[in-house]
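**Q** This is the structure I have questions about; it appears just below.
Nothing in this text is a laboratory measurement; each read-out follows from the coordinates by a stated rule. What you are looking at is a predicted structure, and each value in this text was computed from that prediction instead of being measured. Note that each Cβ is placed from the backbone with ideal geometry, even for glycine, and that neighbours are counted across all protein chains shown.
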Amino acid sequence: MLKMLRQIIRVGLVTQAPPVTDPSLLQTRLHEDIHRVFGRALCIRHVDAGSCNGCELEIHALSNPYYNLEGLGIKFVASPRHADALLVTGPVSRHMAQALQRTYDATPEPKLVIAVGDCGACGGVFGESSYASLGGIAQVIPVDVTVRGCPPSPTALLQGILSAVQRQPAGR
């Protein structure tokens, strides 16, 4: 109980309004960078490694007309063999560790890995290591970018994808 109270004090109110960011400016920059690096659409494979589905709801919000993910040149694919990036949510449960590793291995090089949410970053409320959880995504596969939040907003997800794409050399 004391551990949870310390976390509440450290994190603060999670219902505060997020910082105002102009989504249209972010979207324009993301579209330009994706075209510069890939010359085509960025293909993302989403992997749920054991999350509570809060992050998934925000990821699905990216597909609505306000954020228009496909219009930006980003699409989700069903196979890791067609993916340029992995978008991984949740702490890695012990039963998903092998599946996550196999998905990572099946993704062609060079690949991006984006850990989503506090759980993906460090295990979140599920902890670093327990009987059921291995902790954050980086405990199993290498992570390029971490998007913090519980759950992160769609704008934060777009910023995370943008920062991952900007780390790639042009004309991949």
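**Q** Among CYS55, CYS43, rank each residue by its count of other Cβ atoms within 10 Å, from fewest to most, as a rough exposure measure.
**A** Least crowded to most crowded, the residues run CYS43, CYS55.
**Q** Which chymotrypsin sites (Phe, Trp or Tyr not before Pro) in region 71-160 sit in a loop by DSSP (not H, G, I, E or B) and have at most 12 other Cβ atoms within 10 Å of their own Cβ?
**A** Passing both the DSSP loop test and the Cβ count: TYR131.
**Q** Could you tell me how many degrees, from 0 to 90 and to the nearest 10, lie between the Cα long axis of helix 2-11 and the main elongation axis, the longest principal axis, of the Cα atoms of the chain?
**A** The answer is roughly 30 degrees.
**Q** What residues have an amide H closer than 5 Å to that of LEU112, excluding those fewer than 5 places away on the same chain, when H is modeled at 1.01 Å from N in the peptide plane?
**A** The answer is ALA85, LEU86.
**Q** Suppose we keep just the DSSP beta bridges with both residues in the chain; what percent of those would be antiparallel, to 5?
**A** 5 percent
**Q** Shifting gears a bit: Sum -39500 (n - 2.57) across every DSSP H segment of at least 4 residues in the chain, then divide by the residue count to get the 222 nm mean residue ellipticity, nearest 500.
**A** After summing the helix terms and dividing by residue count, I get -11000 deg cm²/dmol.
**Q** With springs connecting C-alpha atoms under 10 Å apart, model the chain as a Gaussian network and identify which of GLN27, GLN98, GLN159 has the largest mean-square fluctuation.
**A** So, out of GLN27, GLN98, GLN159, the one fluctuating most is GLN98.
**Q** Can you put VAL92, VAL125, VAL37 in order of Cβ neighbours within 10 angstrom, beginning with the fewest?
**A** VAL125, VAL37, VAL92
**Q** For a quick check: with amide H placed at 1.01 Å from N, whose amide H comes under 5 Å from VAL47's, ignoring anything fewer than 5 positions away on the same chain?
**A** Amide H neighbours of VAL47: LEU87, VAL88, THR89.
**Q** GNM on the chain, C-alpha springs below 10 Å: top fluctuator among VAL140, VAL116, VAL88?
**A** Judging by the Gaussian network model, the answer is VAL140.
**Q** Something else about it: Write down the radius of gyration of the chain and its Dmax, each obtained from C-alpha positions, in Å.
**A** For the chain, the Cα radius of gyration and maximum Cα-Cα distance read 16.1, 51 Å.
**Q** Still on this structure, I have one more. Which residues' amide hydrogens lie under 5 Å from the amide hydrogen of PHE76, considering only partners 5 or more residues apart or on another chain, with H built in the peptide plane?
**A** When sequence neighbours closer than 5 places are left aside, the close amide H contacts are ILE44.
**Q** Of THR146, THR107, THR89, which is the most mobile in a GNM of the chain whose springs link Cα atoms less than 10 angstrom apart?
**A** In the Gaussian network model the winner is THR107.
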